[in-house]
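Here the structure comes first, spelled out in structure tokens, and everything after it is commentary.
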Amino acid sequence: MRINFKHEWIETNIGLMLVLTMLAISVGGLVEIAPLFFIKKTVENVEGINVRPYTPLELRGRDIYIREGCYTCHSQMIRPFVDEKLRYGHYSLAAESQYDHPFQWGSKRTGPDLARVGGKYSNEWHVQHLIAPRSMVPESVMPNYPWLMQLLDQSDIANRMKALRAVGVPYSLTEAEREANVKKFGAEVAAMLHIADAKKNLVEQANLGNYDGDRAGVSEMDALVAYLQVLGTMVDFTKVDADELVRSR
Amino acid sequence: MSEQNLQSQTVQTTGHAWDGDLQEFNNPLPTWWVYTFYVTIVFSIVYWLIYPSWPIGKSFLTGFSDITYVNKAGETVTSHWNTRALLMADLNKAEEMQKPYFSKVAANDFEQIAKDPELSGFVLSAGKALFTENCAPCHQQGGQGVIGFFPNLTDDDWLYGGSYDKIHETLVNGRRGYMPAFGEVLNAGEIDALANYVASLSGIAHDAGKAASGRVLFTSETAACYYCHTDSAKGRQDMGAPNLTDKIWLWADVPGAEKAEDKIAAIRSTIITGVNKGVMPAWGERLSPEQIKVLTVYVHELGGGK
């Protein structure tokens, strides 16, 4: 049997070509992306992994990280390769960015990966390095960010949390949600995730941590350093079975 | 002329002429191309069978290929092929290659490592890589530090002690420097007197009268500097209180000031604001015990080890 198909039909009909091109392209997305939303193991559900959403201060720090475009030069994705393990630490888990909207994996490393930068350097170093990177790392090509010492705009923190809640981050509005968080994350963390107390929590954490080394007011530096210092620290890998992580892929 | 040429062509054209004589061939695809295309389709099917591929419901085909590695507990684990299992197997290989050195590092004490030419060579190269990634951002590539922020590791002046054991302790647990802000406790005259006394200890031109009253204050209960810096101002390494008599400065930028009065001003401002920033992170959980041992010897051999 001879199929009387002629590619001229497509080539001479721009409307048909457009539709078929879109269909062909979408197959890639449908096959590679869509199933991840349904496959159970996409976000590792392994004992010992208990990643929490960011506190209000860390959340504002993350927003500043995005505002300043840090992601254009820094990735937050340690791939499972020997060299990356040796330099940056344990490979990143999907679970670790489950509350990131949008995730900060990035696609380019002009600077080093930051997925596990939390705790690696002191607050003091981060502050100096952000204000004047070359004062700490002479060969650095990172821009100076001296304006980060300005006061942090805290006015919209509740709205920012509500927006993330709308896409599934468990910040709590109601008492029932708060209690669910107590069960899931413990009382201390749950208190931090309560939207009604956001501003108070933000100021308290900044004052307690004094991340920017300046006691006067809450600066954008406080927020950004608080965020950087929590990156990659939420999972204690001594309590996670490495073989289970392998099995979940 | 061109008309004739076109008619003599035996190849099929698209049948459309542009600008009167421009035509487009409509050749079939080359045979080699078509068959390569079929081969890629067959290849992809083989690939699906070997590696994780198609999603099925809430799971996916894991493929027939597998990877065997040895886990931390020493058990042999076999998993379907995935990049994480591949990493575990690759780490096994890397550990195998490093083992001859790291097991020797683990088995020997610090002095033995430093004395053994082969091991100290390893420490120099492996330590340099570790130091560059983890320590150099603060202490700088050569270990020279940054005045006002991070101590110099190449001199023989140590805040917390420069023996192997003390350096090791510093690396594992980290440190936190602290000096109270005396601006809240003492008046300007008293602080000036203390600054002159401290300047006198390292031979900076000073006001002898002020220094004399500063000496009294230093060991008095009012300022109580001697609690940490001791009577002789030689410091206490168990508290990280620096020796003030050795002309080596970290917090006050004395070397950076040209005139004696500016040097004293730098000392004064440190007394006023105190120090609450000498934080060294703890590396005990980030690096392996062998890596920390390598770094200990590396830092010790930077020049100032005791």
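The values are calculated or read from the model by the stated rules, or taken from the named source; none is laboratory data. All figures in this text were calculated on a predicted structure; none of them were measured in a lab. As a convention, Cβ positions derive from the backbone with ideal geometry for all residues, glycine included, and neighbour counts pool all protein chains shown. All accessible areas refer to the heavy atoms of the entire protein, side chains included, with ligands and DNA or RNA removed. Shrake-Rupley method; radii C 1.70, N 1.55, O 1.52, S 1.80 Å.
The table below lists the values:
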item: Subset of segment B:247-258 [of a type outside the set (G, A, S) and closer than 18 Å to B:F150 by Cβ]; result: B:I248, B:W249, B:L250, B:W251, B:D253, B:V254, B:P255
item: Close pairs from segment B:26-49: first within 29 Å of B:D66 (Cβ to Cβ), partner open to solvent by 90 Å² or more (accessible area, probe 1.4 Å), Cβ under 7 Å, at least 6 apart; result: B:W48/B:W54; B:L49/B:F64
item: Any hit, segment A:83-93, residues being touching a residue at least 60 places away in the same chain (Cβ under 8 Å) and among the charged types (D, E, K, R); result: no
item: Pairs where the first residue, in segment A:190-219, is within 14 Å of chain B (Cβ to nearest Cβ) and the second is open to solvent by 40 Å² or more (accessible area, probe 1.4 Å) and assigned to a helix (DSSP H, G or I), C-beta under 9 Å, 6+ apart; result: A:G209/A:N123; A:N210/A:N123; A:Y211/A:N123; A:D212/A:N123; A:D212/A:M149; A:G213/A:N123; A:D214/A:M149; A:R215/A:N207
item: Elements of type helices (runs of 4 or more DSSP H) in segment A:1-106, at least 2 residues being over 30 Å from A:I195 (Cβ atoms) and touching a helix residue (DSSP H, G or I) at 6+ places or on another chain (Cβ under 9 Å); result: A:8-11, A:14-32, A:82-88
item: Single residue of B:T40, B:T62 found to be open to solvent by less than 80 Å² (accessible area, probe 1.4 Å) and over 30 Å from A:R247 (Cβ atoms); result: B:T40
item: Where a residue in segment A:134-147 is more than 14 Å from chain B (Cβ to nearest Cβ) and over 18 Å from B:F150 (Cβ atoms) and its partner, wherever it lies, is open to solvent by 40 Å² or more (accessible area, probe 1.4 Å) and aliphatic (A, V, I, L, M), with Cβ under 7 Å and at least six apart; result: A:N144/A:I131; A:Y145/A:I131; A:P146/A:I131
item: Single residue of B:K99, B:K93 found to be open to solvent by 60 Å² or more (accessible area, probe 1.4 Å) and closer than 27 Å to A:S248 by Cα; result: B:K93
item: Yes/no for B:V297 being over 15 Å from B:L159 (Cβ atoms), open to solvent by less than 40 Å² (accessible area, probe 1.4 Å) and of a type in the set (V, I, T); result: yes
item: Lone unmet requirement of (1) more than 30 Å from B:G177 (Cβ to Cβ); (2) open to solvent by 50 Å² or more (accessible area, probe 1.4 Å); (3) modelled with pLDDT of 95 or more for A:N50; result: (3)
item: Hits in segment B:142-174 (condition: open to solvent by 20 Å² or more (accessible area, probe 1.4 Å) and facing chain A (nearest Cβ under 10 Å)); result: B:V146, B:F149
item: Every pair of residues 6+ apart whose Cβ atoms lie under 6 Å, when the first sits in segment B:102-127 and is more than 13 Å from B:E301 (Cβ to Cβ) while the second is in a helix (DSSP H, G or I) and among the acidic types (D, E); result: B:F102/B:E290; B:V105/B:E290; B:A106/B:E290
item: Residue within segment B:82-93 that is small (G, A, S) and within 14 Å of another protein chain (Cβ to nearest Cβ) present; result: yes
item: Close pairs (7 angstrom Cβ cut-off, 6 or more residues apart or separate chains): closer than 20 Å to B:T132 by Cβ in segment A:118-133, surrounded by fewer than 19 Cβ atoms within 10 Å (Cβ to Cβ) and among the small types (G, A, S) anywhere; result: A:Q128/A:S135; A:P133/A:S140
item: Test: A:S97 is within 14 Å of chain B (Cβ to nearest Cβ), among the polar types (S, T, N, Q) and open to solvent by less than 30 Å² (accessible area, probe 1.4 Å); result: no
item: Selected residue [more than 14 Å from every other protein chain (Cβ to nearest Cβ), farther than 22 Å from B:S163 by Cβ and open to solvent by 40 Å² or more (accessible area, probe 1.4 Å)] from B:A224, B:A188; result: B:A188
item: Pairs, first of a type in the set (G, A, S) in segment A:95-112, second in a helix (DSSP H, G or I) and open to solvent by 50 Å² or more (accessible area, probe 1.4 Å), C-beta under 9 Å, six or more apart; result: A:G106/A:Y71; A:G106/A:T72; A:S107/A:Y71
item: Hits in segment A:1-46 (condition: of a type in the set (S, T, Y), over 32 Å from the mean Cα position of the chain (by Cα) and modelled with pLDDT of 90 or more); result: A:T21
item: In segment A:103-130, residue surrounded by the fewest Cβ atoms within 10 Å (Cβ to Cβ) [restricted to those that are more than 10 Å from chain B (Cβ to nearest Cβ) and hydroxyl-bearing (S, T, Y)]; result: A:S107
item: Filtered residues of segment B:94-118 (kept if among the hydrophobic types (A, V, I, L, M, F, W, C) and within 14 Å of another protein chain (Cβ to nearest Cβ)); result: B:A94, B:M97, B:F102
item: Where B:R236 falls short, out of the listed (1) free of Cβ contacts under 8 Å to residues at least 24 places away in the same chain; (2) within 14 Å of chain A (Cβ to nearest Cβ); result: (2)
item: Segment B:127-141, residues that are open to solvent by less than 40 Å² (accessible area, probe 1.4 Å) and away from chain A (no Cβ under 11 Å); result: B:G127, B:F131
item: Those helices (runs of 4 or more DSSP H) lying entirely in segment B:132-232 with at least 2 residues in contact (Cβ under 8 Å) with a residue 24 or more places away in the chain, outside the structural domain of B:V254 (by TED's automatic domain parsing) and closer than 30 Å to B:R286 by Cα; result: B:164-173
item: Pair list, Cβ < 9 Å and 6+ apart or interchain, from segment A:150-177 residues that are under 15 Å from A:G61 (Cβ atoms) to residues that are among the β-branched types (V, I, T) and part of a loop (DSSP other than H, G, I, E, B); result: A:L151/A:V218; A:L152/A:V218; A:Q154/A:V218; A:M161/A:V169
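Yes or no, residue by residue, for (1) within 14 Å of chain A (Cβ to nearest Cβ); (2) open to solvent by 70 Å² or more (accessible area, probe 1.4 Å); (3) part of a loop (DSSP other than H, G, I, E, B):
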residue: B:N243; (1), (2), (3): no, no, yes
residue: B:K247; (1), (2), (3): no, yes, yes
residue: B:L250; (1), (2), (3): yes, no, yes
residue: B:G256; (1), (2), (3): yes, no, yes
residue: B:K263; (1), (2), (3): no, no, no
residue: B:R268; (1), (2), (3): no, yes, no
residue: B:I271; (1), (2), (3): no, no, no
residue: B:A282; (1), (2), (3): yes, no, yes
